[in-house]
1. Take CYS125 and tell me if it is open to solvent by 10 Å² or more (accessible area, probe 1.4 Å) and touching a Phe, Trp or Tyr at 6+ places or on another chain (Cβ under 9 Å).
2. Of all residues in segment 57-71, count the ones that are more than 12 Å from the chain's Cα centre (by Cα) and small (Gly, Ala, Ser).
3. Among the residues of segment 81-90, write down those that are open to solvent by less than 10 Å² (accessible area, probe 1.4 Å) and of a type outside the set (A, V, I, L, M).
4. Hey, does segment 7-19 have a residue that's touching a Ser or Thr at 6+ places or on another chain (Cβ under 7 Å) and of a type outside the set (Phe, Trp, Tyr)?
5. Does THR62 satisfy the criteria of being open to solvent by less than 10 Å² (accessible area, probe 1.4 Å) and polar (S, T, N, Q)?
6. For segment 14-34, give me each residue that is closer than 19 Å to ARG64 by Cβ and in a loop (DSSP other than H, G, I, E, B).
7. Exactly one condition in (1) open to solvent by less than 40 Å² (accessible area, probe 1.4 Å); (2) farther than 14 Å from SER25 by Cα is not met by ILE42; state its number.
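The values are calculated or read from the model by the stated rules, or taken from the named source; none is laboratory data. Owing to the predicted nature of the structure, the values given are computational and were not obtained by experimental measurement. Note: ideal-geometry Cβ built from the backbone for every residue, glycine included; neighbour counts use all protein chains shown. The accessibility values were calculated without ligands, DNA or RNA, using every heavy atom of the protein model including side chains. Shrake-Rupley method; radii C 1.70, N 1.55, O 1.52, S 1.80 Å.
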Amino acid sequence: MDRRKLVARLLEDRGDLMVVTGIGSSTYDVAACGDHALNFYIWSGLGCTPMVGLGLALAQPTRRVAVITGDGDILMALGSLATIGVRQPKNLSIVCLDNGHHSASGMQPSATSSGIDLGDAARACRLKVVAVDDLSRADELRKVLHTGEGPLFVHARVDADDQKRIIPSRDGLAIKHRFMQAAGTFV
């Protein structure tokens, strides 16, 4: 499945959905949909994306939070899935774009290419898991991101390809301030 097409479909008519992206491809895919003040791009924190999403979901319980990241980030963050499972934030969804590779560092195979199943790991941590490997369910998943009860883990098996990099701002302070203002929190 083409990850860029999936992300574009998930973010159609996104409204006030807060989106946190992992390093590399997921950031490029979200930015390709158009830069948005409610995009929080994480540039150099492999493994922290799910916890940033959890923090936002707990701090903003009436807002929807979507973490869009890759298998490498989730592999580094397996412990965070347990914490999310314990806290059970109803407004949090994690979309794992699993291509079986570490795209950001040169396409080395990740553990998922050797059979580690992140959906099973998320399920063991009490997240609701939806597995998808084609675009036929994209509209259904978009609705779940906006209205479904989480925590939700979308395990999306995507192609291992190298798409054009759409690079948004790398200014962490500016991203933070813009995001906080758009989210209605103090700067």
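1. Values: open to solvent by 10 Å² or more (accessible area, probe 1.4 Å): yes; touching a Phe, Trp or Tyr at 6+ places or on another chain (Cβ under 9 Å): yes.
In short, yes.
2. Here is the first cut: in segment 57-71, the residues more than 12 Å from the chain's Cα centre (by Cα) are 57-64.
Imposing the further condition that a residue be small (Gly, Ala, Ser) reduces the set to 57, 59.
Of the residues in segment 57-71, 2 are more than 12 Å from the chain's Cα centre (by Cα) and small (Gly, Ala, Ser).
3. Of the residues in segment 81-90, the ones open to solvent by less than 10 Å² (accessible area, probe 1.4 Å) are 81, 84-85, 89.
GLY85, PRO89, listed by residue number.
4. No, the conditions are met nowhere in segment 7-19.
5. Details: open to solvent by less than 10 Å² (accessible area, probe 1.4 Å): no; polar (S, T, N, Q): yes.
When the stated conditions are applied, THR62 does not pass them.
6. Taking segment 14-34 and keeping what is closer than 19 Å to ARG64 by Cβ, we get 14-22, 26, 29-30, 33-34.
Scanning segment 14-34 gives ARG14, GLY15, ASP16, LEU17, GLY22, CYS33, GLY34.
7. Among (1) open to solvent by less than 40 Å² (accessible area, probe 1.4 Å); (2) farther than 14 Å from SER25 by Cα, the lone unmet condition for ILE42 is (2).
This table checks each residue for (1) under 22 Å from MET76 (Cα atoms); (2) in a loop (DSSP other than H, G, I, E, B); (3) under 17 Å from the mean Cα position of the chain (by Cα); (4) at pLDDT 90 or above.
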{"residue": "ALA104", "(1), (2), (3), (4)": "yes, no, yes, no"}
{"residue": "SER113", "(1), (2), (3), (4)": "yes, no, no, no"}
{"residue": "ASP120", "(1), (2), (3), (4)": "yes, no, no, yes"}
{"residue": "SER136", "(1), (2), (3), (4)": "no, no, no, yes"}
{"residue": "ALA174", "(1), (2), (3), (4)": "no, no, no, no"}
